[in-house]
Amino acid sequence: MPASRASRIVGAMLVLLGVALVAGCGSGPPTGDVSGTASYEGVPIAEGTITFSPADGQGPTAGGTITDGKYAVKKVPAGPAKVQFTSSTDTGKKKKMYDAPNSPEYPIKINTLPEKYSDPLNTELRYDVQAGPNEKNWDLKK
């Protein structure tokens with residue numbers, strides 16, 4: 001193969017590799033990491049969840065667990081978000097995982113927060129997530 005043809009092939013491969021690298025390096029839309037505390041009527045939420053959903057309903061959601069009143073959620077899409085909380089309490093009852101005599105059981109838990117915080121469509125809570133680290137402490141009221 002002549003040297004000029006080999007050079008063109010190598011050059012074309014380098015261009016294609018460069019395009020692939022640039023296309024693969026896109027970090028996507030900006031995100032933020034949100035952490036803080038969560039309480040209800042001044043009492044830390046012992047066990048629950050927090051979810052951030054785009055306020056316009058378009059795009060991905062992000063969420064995490066609340067343990068002993070603390071939460072940390074990574075890669076929350078930046079921008080205005082609806083925020084949903086749940087706080088689960090064990091009812092003392094158990095339910096079988098499937099209908100069989102030897103089925104494992106799991107505890108039945110209920111959400112103890114009002115719908116104005118726990119309903120994913122109608123939550124009244126909003127937060128404007130900024131790119132990078134965010135700290136937000138929540139004290140939910142009745």
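Numerical summary
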quantity	calculated
Stretchable slack from ASP68 to LYS94, in nm (0.36 nm times residue separation minus alpha-carbon distance)	7.0 nm
For GLY79, residues with placed amide H under 5 Å, excluding near neighbours	VAL129, GLN130
Whole-Hz ³J(HN,Hα) from phi, Karplus 6.51 cos²θ - 1.76 cosθ + 1.60, for the range 114-125, glycine and proline x	x, 4, 5, 10, 9, 7, x, 8, 10, 4, 8, 7
Rg/Rg_globular for the range 29-140, with Rg_globular taken as 2.2 N^0.38 Å and Rg from C-alpha atoms	1.20
Whole-Hz ³J(HN,Hα) from phi, Karplus 6.51 cos²θ - 1.76 cosθ + 1.60, for the range 86-98, glycine and proline x	10, 9, 9, 10, 6, 7, x, 9, 10, 9, 6, 5, 8
Nonlocal amide H pairs with VAL73, under 5 Å, H built at 1.01 Å	VAL34, SER35
Packing-based exposure ordering (other Cβ within 10 Å, fewest first) of ILE110, ILE50	ILE110, ILE50
Above-threshold pairs, the threshold being 24 Å between Cα atoms, out of LYS94/LYS141; LYS70/LYS116; LYS70/LYS109; LYS75/LYS142	LYS94/LYS141; LYS75/LYS142
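The numbers here are math on the coordinates, done by the rules we state, and not lab data. From a predicted model like this one, the values you see are computed outputs, not experimental measurements. A quick note on method: Cβ atoms are made from the backbone with ideal geometry, for glycine too, and the neighbour counts reach across all protein chains shown.
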